[in-house]
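The block underneath contains the structure these notes are about, expressed in structure tokens.
The values are calculated or read from the model by the stated rules, or taken from the named source; none is laboratory data. Just so it is clear, the model here is predicted, and its values are computed rather than measured. FYI the Cβ positions are ideal-geometry reconstructions off the backbone, even for glycines, and counts take in every protein chain you see. All accessible areas refer to the heavy atoms of the entire protein, side chains included, with ligands and DNA or RNA removed. Shrake-Rupley method; radii C 1.70, N 1.55, O 1.52, S 1.80 Å.
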Amino acid sequence: MPWLESTAFALLVPAGCAYEPVEKLGVAALTCEMAQRGAGQRDSRQFLADLENLGADTSASVSIAHTSVGGAMPAESLPQVLSIFADLVQRPHLPEDQLEDARLGCLQEVKAIEDDLAQRTMQQVRLAHYAEPWGRSSQGTEATVSGLAIADVRNHFQSLYSPRDAILSVAGKIDCPMLRDDVKRCFADWPAGPGALLKGAPPSRKYRHIDANSSQTHIGIAIDAVPYSHADYFQIRGAVGVLSDGMSSRLFTEVREKRGLVYTVHAMCHSLRDRGAILAYAAATAERAQEALDVMLAELMGLYNGITADEIDRLKGRIKRALIIQQESSPSRAGSIALDWYYLNRVRTMTELSEIIDRLSADSINAYLAANRPRQCTVTTVGRDELKVPQ
């Protein structure tokens, strides 16, 4: 992206929460927090000060599959910033005297999710639909995080922070030969670990209600769909866009505008590497929650009866505008490159994506929908009263 004066990177290490022992949930997030408390020759204070002096705006997070670090900075700062993060993933201090401070931060995240009933609902519906370990959330539980020791953190790091299946993506103003030299200098000596195998449990996919003292009932729904790596992904993405993208979408029109059942309602495509789902959410008053659920299910199932040419034409314009905006952002592009490599083992260009969107039509989407009608859905509600879910 030579028109920019900035550069961004994303480094994905295969140390996500799916690899945690069930009795150690939250150890990936705690390790991620501890790794930022000094690395290489820098203590915690110097680590942060050097990044700030280099103009780097950085972040770190844990997903199902990865622990991810990254950031944006002036292009000339990239070599030094890469060197700092090379220390983080290879030579963190993991100081025992800072474990309790890091734990407190992680426990705050756990409690924040408990208080955020919308997030809690969607976490639980993902867990019911995907099952262990793919449906996990990265925060863990208060009990498991409270029981973690420094040995658990160090074991997680030593076992999983490895270049095996790690991904580094860079976007922005780049001198490619120099970048290759910098990456070799920073990462060539990183020893590859053995990797880890995952064993999954079968999903329950039953209706689950979680009692909560709330004036609202939060509704989460999941339906099977293809993952991002599937050739038909953009067919279902187009259909879900008709369902939920924008104020002219079906869910917004039927659930909120016509009936006034909710303030917030939306659906999205959610993808893991080898499986995917349509996830939908809404929150309604306890008195109107049953009607909201009934209308949402009717719209979700009715989607498989087909869409119109006008609906997909409006959606294609919105998707293309989003792609143009993404092309102007080096952090967004670096993130999408990394995920493309993870899901596809290659990188889609903006031109390729634009051509895929152009080829979408009502006929192609309707053919996919007709051939892939869902057999069942997973529903989770959080609130005062249980609802009735058709079997």
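Structure data summary
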{"read-out": "Residue tally, condition without any contact (Cβ under 8 Å) to a residue 60 or more places away in the chain and surrounded by fewer than 18 Cβ atoms within 10 Å (Cβ to Cβ), over segment 69-83", "value": "2"}
{"read-out": "Single residue of segment 245-286 satisfying the filter (in a loop (DSSP other than H, G, I, E, B) and basic (Lys, Arg)) that is most open to solvent (accessible area, probe 1.4 Å)", "value": "Arg273"}
{"read-out": "Tally, over segment 208-243, of residues that are open to solvent by 40 Å² or more (accessible area, probe 1.4 Å) and in contact with a helix residue (DSSP H, G or I) (Cβ under 9 Å, 6 or more places away or on another chain)", "value": "7"}
{"read-out": "Selected residue (only one of His66, His93 is out of contact with any Cys (no Cβ under 8 Å at 6 or more places or on another chain) and either open to solvent by less than 20 Å² (accessible area, probe 1.4 Å) or among the aliphatic types (A, V, I, L, M) (or both))", "value": "His66"}
{"read-out": "Pair list, Cβ < 6 Å and 6+ apart or interchain, from segment 349-370 residues that are over 17 Å from Gly306 (Cα atoms) to residues that are assigned to a helix (DSSP H, G or I) and among the polar types (S, T, N, Q)", "value": "Met350/Gln327"}
{"read-out": "Count - residues of segment 1-55 that are open to solvent by less than 30 Å² (accessible area, probe 1.4 Å), β-branched (Val, Ile, Thr) and closer than 21 Å to Glu109 by Cα", "value": "2"}
{"read-out": "Residue satisfying all of: in segment 330-356; within 17 Å of Ala171 (Cα to Cα) and among the charged types (D, E, K, R); most open to solvent (accessible area, probe 1.4 Å) among these", "value": "Arg346"}
{"read-out": "Which listed residue is at pLDDT below 95 and touching a helix residue (DSSP H, G or I) at 6+ places or on another chain (Cβ under 6 Å), from Ala196, Ala201", "value": "Ala196"}
{"read-out": "Filter pass, Ile324 being at pLDDT 95 or above and either part of a helix (DSSP H, G or I) or touching a Gly at 6+ places or on another chain (Cβ under 9 Å) (or both)", "value": "no"}
{"read-out": "Residue within segment 15-38 that is modelled with pLDDT of 95 or more and part of a strand (DSSP E or B) present", "value": "yes"}
{"read-out": "Long-range neighbours under 6 Å by Cβ, at least six apart or interchain, first residue under 15 Å from Leu117 (Cβ atoms) within segment 378-389, second open to solvent by 10 Å² or more (accessible area, probe 1.4 Å) and among the hydroxyl-bearing types (Ser, Thr, Tyr)", "value": "Gly383/Ser214"}
{"read-out": "Ser364 vs. criteria open to solvent by 20 Å² or more (accessible area, probe 1.4 Å) and farther than 21 Å from Gln235 by Cα", "value": "no"}
